[in-house]
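Colleague: Input: one structure, supplied below.
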Amino acid sequence: MADSPFKLFEPYNSADKDIFFGRDAEIYALYNLLQQTRLILFYGASGTGKTSIINAGLPKVFKLTDWSRISVRRKDNINKSFRSELRRLLGQDEISSLSSAINDIYENRWIPIYLVFDQFEEIFTLGDHNERLDFFKDIQTLLTLSIPCKIILSMREEYIGHLYEYEQFVPLLFDKRFRVEPMKDETTRSVIMEMSESADIALENGQDTARNILMQVKEGTQAAHLPYLQIYLHYLYVQECKTGTSKKITFTENGILTVGRLGNVLRLFIESMLEKARVEFVAMGLPDDFASGLLDEFATDEGTKQSRKISELVASLDVDEGKMRKALIFFSDSNLLRPDEDDVSRYEPVHDVVAKQINELRSSESKEFKAFLRSFQSDYGRWVSEKMSETRFLTESDIAKANIYCARLEKIPDYESHWKSYVEASTRYNQEKLSKAQREAIEKEERNRELSAALDIARDEKNKANRSKLRANIISIATIFCCILAVTFYNRAESQKDIAVKEREKSDNLRKEAEKSKAIITAQRDTARRLEIKATEALEQKKNAIIALRISNTEKETANKRVIAALKETKTELTAKKRAMGQRDSIEVKKYISAAQRMHKIQKYEMEVAILKKGLGKLNNHPELLDSLKSLERQIQFLQP
């Protein structure tokens, strides 16, 4: 492979500051923001070059005596990694406290300390609640130190929302934020031309060739990422070295057409490396799928990189440590993995781009396991943070998945020490819950049987009573009939006329009573009908009232959402306006100082004083102008006889 001047997968570092292009505005804005605060939340989308801005951008504006950068990555635990780095810098086996360690480092150099926590989202993707809680408490302690110690938290923007839970421990957490925007196409074209010029590479058609390269690097309508650009330029350089005839390399349209789009380049490169690794590893006596399984360990389910120790990989993949080291060295030589600078037993992908490609090459089963593992870790963290609440136990479906993936989970060190007890507790809870439900169902069924038996007995008793009543009624009717018959025969002898009169009177009375009963029944039916109408009307009114209430609640929620959206837009506009005013003042200050320095060089001190005073009046006594004016007045007093 040709000796390429481009970075491939490696991020920029301080040694690359002279070839780091396209981010001057962000570098100076970040520098100015660091002068205003002790804590900065530095965030942006993956691939926007956050690490490179810190590592290669800030060294452009900081002198060596202006800052002492201490970079920390999470590894196994961010708190342990932080203390380990401090012990390394101090050359000590132990430190009494973070505050004393930072003080000692400062007093050894007397240079302001800048703590940079890169890839900070790992504290949420890989850490637990207790780890995060301890870290933010430490950060608040460091913010109270009297020495110049500043902190940069660099992270992917989609994890910003996770920080709100810990704002109570670090009140300044969101006060100063800096978002890294993707580079605009025009800026990216300029970067391509500057990078090519710095590497003494010609562009066949100038800006048109740069534009064509940009189109190959972009993913749809999204902006091109600088890491992708340097990878593409590396492969384009290798291609032109193969086909070029002159000593000076030229990026040509044919070369761009041959290399193709970036996605194909990355996929083909990693697939070719995997195939080479497969052949190499099979010859070592390793399984056919060992190469893909090993790379799979270095990417999260979201396609971001994660570091792994050799001991963890040996346990997870069940392979000899010596063969594991050889496999890791192979991938390291292939520019896919790299060992940690401070811990050679730990490896990680050289860039998130590699992790993203590893994730895309995964099988669906592997993706499902990775997604389950992240969900499982999150559930466990919430269970621990909520003091092992029953509401945070695994569901039956999650327990079933844990049983399916049991063999893979047991190879993870945290499983035996932490997760296994969580799975067992969840299983016991669900079993007890199921047993309780079964007992309640059995008890309910027993009560139903008892109730059914009681109803059968009551029904039999009722039937017996009805039959006795029927017999009594028949006997009573027969007795009455006999009495009436006897009276009838007795009275018939008295007078048939009296009987007829009495029967007529009796008939009249019965008719009147029947008419009264009919009138009463009619009145009751009318009353019932009116009550039914009123009940129907009341029910309809209630339904209308419920509908009106729902409409009112919906309109209220819509209005609230609009107000919240308007407040967010107003806040964003105020922030942008404040940032723009700050940058404008900074430019104005530099303009006045530059003009004053020109007067100083030709010894026009009165003009220099006038320029600085004019600037102070316009910029409301800016501290930098005020310091320059005071310094000039002292020089003039010294020069006066």
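Colleague: Specify which of the listed residues (Lys571, Lys604, Lys613) is surrounded by 10 or more Cβ atoms within 10 Å (Cβ to Cβ) and under 30 Å from Leu30 (Cβ atoms).
Modeller: Lys571
Colleague: Look through Phe120, Phe178 and report the one residue that is within 29 Å of Gln583 (Cβ to Cβ), in a strand (DSSP E or B) and under 20 Å from the mean Cα position of the chain (by Cα).
Modeller: Checking each option against the conditions leaves just Phe178.
Colleague: Report those helices (runs of 4 or more DSSP H) wholly inside the range 316-413 carrying at least 1 residues which are β-branched (Val, Ile, Thr) and touching a residue at least 24 places away in the same chain (Cβ under 8 Å).
Modeller: Those helices (runs of 4 or more DSSP H) span 352-360, 364-385, 396-404.
Colleague: Of the numbered conditions (1) open to solvent by less than 100 Å² (accessible area, probe 1.4 Å); (2) more than 24 Å from Glu26 (Cβ to Cβ); (3) modelled with pLDDT under 85, Asn620 satisfies every one except a single condition; which is it?
Modeller: Failed condition: (1).
Colleague: For the range 51-65, what are the residues that are charged (D, E, K, R) and either within 9 Å of Tyr12 (Cβ to Cβ) or at pLDDT 90 or above (or both)?
Modeller: Within the range 51-65, just Lys60 meets the criteria.
Colleague: Within the group Ile123, Ile105, which residue is over 26 Å from Val180 (Cα atoms), buried (at least 16 other Cβ atoms within 10 Å of the Cβ), among the aliphatic types (A, V, I, L, M) and in contact (Cβ under 8 Å) with a residue 12 or more places away in the chain?
Modeller: After applying the criteria, what remains is Ile105.
Colleague: Being open to solvent by less than 30 Å² (accessible area, probe 1.4 Å), assigned to a strand (DSSP E or B) and of a type outside the set (Lys, Arg) is the requirement here; does Ser196 meet it?
Modeller: So Ser196 does not fit the description; no.
Colleague: Also, I was wondering about something else. Could you check the range 268-303 and list, in sequence order, the residues that are β-branched (Val, Ile, Thr) and either open to solvent by 10 Å² or more (accessible area, probe 1.4 Å) or without any contact (Cβ under 8 Å) to a residue 60 or more places away in the chain (or both)?
Modeller: Result: Val279, Val282, Thr300.
Colleague: Only one residue in Arg584, Arg579, Arg598 is open to solvent by 80 Å² or more (accessible area, probe 1.4 Å) and either among the acidic types (Asp, Glu) or more than 22 Å from Asn32 (Cβ to Cβ) (or both). Which one?
Modeller: On inspection, the qualifying residue turns out to be Arg598.
Colleague: Only one of Lys370, Lys387, Lys356, Lys309 is farther than 26 Å from Ser46 by Cα and out of contact with any helix residue (DSSP H, G or I) (no Cβ under 6 Å at 6 or more places or on another chain). Can you tell me which?
Modeller: Only one candidate passes the filter, namely Lys387.
Colleague: Among the helices (runs of 4 or more DSSP H) lying completely within the range 12-94, list those that include at least 2 residues that are more than 29 Å from Glu197 (Cβ to Cβ).
Modeller: 24-34, 78-90
Colleague: For residues that are hydroxyl-bearing (Ser, Thr, Tyr), touching a helix residue (DSSP H, G or I) at 6+ places or on another chain (Cβ under 8 Å) and at pLDDT 75 or above, scanning just the range 411-434, find the one that is nearest to Ser316 (Cα to Cα).
Modeller: Tyr422
Colleague: Here is a check on your reading of the model: is Lys561 modelled with pLDDT of 80 or more and closer than 30 Å to Tyr31 by Cα?
Modeller: no
Colleague: Filter the range 252-267 down to residues that are aliphatic (A, V, I, L, M) and surrounded by 14 or more Cβ atoms within 10 Å (Cβ to Cβ) and give me whichever is modelled with the highest pLDDT.
Modeller: Checking each candidate, the answer is Ile256.
Colleague: Regarding Arg87, is this residue touching a residue at least 60 places away in the same chain (Cβ under 8 Å) and open to solvent by 30 Å² or more (accessible area, probe 1.4 Å)?
Modeller: In short, no.
Colleague: A further question on this structure: Condition test on Gly615, is it touching a Phe, Trp or Tyr at 6+ places or on another chain (Cβ under 7 Å) and of a type in the set (Gly, Ala, Ser)?
Modeller: yes
Colleague: In the range 349-364, is there at least one residue being at pLDDT 75 or above, farther than 22 Å from Tyr228 by Cα and more than 19 Å from the chain's Cα centre (by Cα)?
Modeller: no
The values are calculated or read from the model by the stated rules, or taken from the named source; none is laboratory data. Keep in mind the model is a prediction, meaning the values are calculated, not measured. FYI the Cβ positions are ideal-geometry reconstructions off the backbone, even for glycines, and counts take in every protein chain you see. Just the protein is used for accessible areas: all its heavy atoms, side chains included, with ligands, DNA and RNA removed. Shrake-Rupley method; radii C 1.70, N 1.55, O 1.52, S 1.80 Å.
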